[in-house]
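First up is the structure itself, then whatever we jot down about it.
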Amino acid sequence: MSVTRIKKQKSVREQVSAEEWAKRVDLAAAYRLVHLYGMDEMIANHISTRVPGEDNAFLINPYGMLYEQMHASCFIKLDLDGKILFNPTEYDINKAGFIIHSAIHRARHEVDCVIHTHTIAGMAVSAMKAGLMPFAQTAMRFIDIGYHDYEGVAINMDEQERLVRDLGNREAMILRNHGLLVVGASIPQAFDNIFRLERACQLQVTTLACNTEISLPARKIIEDASHLYQPGVRRKLGILEWPALIRKLDAIDPSYRE
C-alpha cells in the first residue's frame with residue numbers, strides 16, 4: 001500500500017520576513033482606506049511601498065483585484081527593473097503602474113510609498129489650466145504642488161525621467177488630464193497626503209460650481225499656512241491618524257490582515 005505525502009503549501013507570511021509582512025498589512029490597509037473614502041477606480045491605479053531591507057524591491061497590487069479585496073498576502077514583489085521576485089497570485093502587474101512607481105522609487109530614496117488615483121475631482125482639477133487653487137486651508141498645504149503634462153497612457157519608459165523631474169522633491173503632483181500622485185516617507189504619510197489632496201480637489205470643484213465671487217486670503221497668509229504642513233516643520237502628518245484609521249478598518253473588516 002503506497003502512501004501519498006501531501007506537502008502543505010507555505011503561507012505568504014511564512015515566506016517573507018516579519019518586517020515585510022508588517023509592511024504588507026499596512027499596504028493592504030492603505031488600499032482598503034482608499035476604497036473606503038471613494039478614491040478607487042475598480043482595478044485601476046496603484047499604491048506601492050518599498051520592501052524593508054531590500055533597497056531595490058517594492059510591493060504593488062496585482063492587476064485584476066479591486067481595492068476592497070486587497071489583503072496582505074496578495075501583493076507582488078518586484079525589483080526596479082521590473083523583474084518579478086515573488087508573485088503569490090494568478091495576476092500580473094499593471095505596466096503603467098510599474099513605470100510610474102519604479103521611476104519614483106529609484107530616484108527618491110527617502111520615499112517609502114507612492115499613491116496614484118483617478119478620482120472625479122482629481123481628474124477635473126487636472127484638466128483646469130489654473131491647477132489647484134488655494135481656496136481653503138486644506139488646499140493651501142499644496143501650493144507648491146508639481147504638474148506633469150499628459151503624454152498618453154504611461155507605458156513608455158522614457159516618460160520616467162520627466163515624471164521624476166516634474167515631481168522634484170515634492171510630495172504631491174497633478175498629472176494633467178490624468179489624475180493625482182503623492183508620495184510619503186511612510187504609508188501613513190502618503191495616505192494622509194492623498195486624502196488631503198483629494199479633499200482639496202473636491203473643495204475646488206464644489207466651489208467653482210457655486211458660480212459666485214471667491215474670497216482669498218493675502219498671499220503671505222497662504223504661504224505661512226502652507227509652511228506649517230511641510231515636512232519637518234511640525235509633527236509627521238498622517239502618523240497620529242493612522243492607528244485611528246486602522247481601528248476603523250478592523251471594526252469594518254479585518255480581512256486585509258490575511
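The values are calculated or read from the model by the stated rules, or taken from the named source; none is laboratory data. Please read these numbers as outputs of a predicted model, since none were measured by experiment. Positions of Cβ are backbone-derived with ideal geometry, glycine not excepted, and every protein chain shown enters the neighbour counts.
Checked against the criterion of being β-branched (Val, Ile, Thr), within 14 Å of the chain's Cα centre (by Cα) and closer than 21 Å to Ile252 by Cα, segment 26-38 has at least one qualifying residue. Once segment 229-258 is narrowed to residues that are of a type in the set (Val, Ile, Thr) and outside any helix (DSSP H, G or I), the residue that is surrounded by the most Cβ atoms within 10 Å (Cβ to Cβ) is Ile239.
So that you can scan it fast, the table gives a plain yes or no per residue for (1) surrounded by 15 or more Cβ atoms within 10 Å (Cβ to Cβ); (2) of a type in the set (S, T, N, Q):
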| position | (1), (2) |
| --- | --- |
| Lys10 | no, no |
| Ser17 | no, yes |
| Glu20 | yes, no |
| Leu27 | yes, no |
| Met42 | no, no |
| Ile47 | yes, no |
| Asn61 | yes, yes |
| Lys83 | no, no |
| Asp92 | no, no |
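Of the residues making up segment 124-157, those that are at pLDDT 95 or above, of a type in the set (Gly, Ala, Ser), in a loop (DSSP other than H, G, I, E, B) and within 25 Å of His35 (Cβ to Cβ) number 1. Figure legend. Inter-residue proximity from segment 156-185: first residues more than 24 Å from Ala200 (Cα to Cα) and in contact (Cβ under 8 Å) with a residue 60 or more places away in the chain, second residues assigned to a loop (DSSP other than H, G, I, E, B) and among the acidic types (Asp, Glu), beta-carbon distance below 7 Å, spacing 6+ or different chains. Indicated pairs: Glu159/Glu151. No other residue among Glu68, Glu14, Glu20 is at pLDDT below 95, part of a helix (DSSP H, G or I) and under 19 Å from Glu258 (Cβ atoms) apart from Glu14.
For Pro188, the stated conditions hold: it is in a helix (DSSP H, G or I) and either surrounded by 13 or more Cβ atoms within 10 Å (Cβ to Cβ) or out of contact with any His (no Cβ under 8 Å at 6 or more places or on another chain) (or both).
Would you confirm, using the coordinates I've provided, whether Ser226 is hydroxyl-bearing (Ser, Thr, Tyr), assigned to a helix (DSSP H, G or I) and in contact with a His (Cβ under 7 Å, 6 or more places away or on another chain)? Judged against the criteria, Ser226 is not a match.
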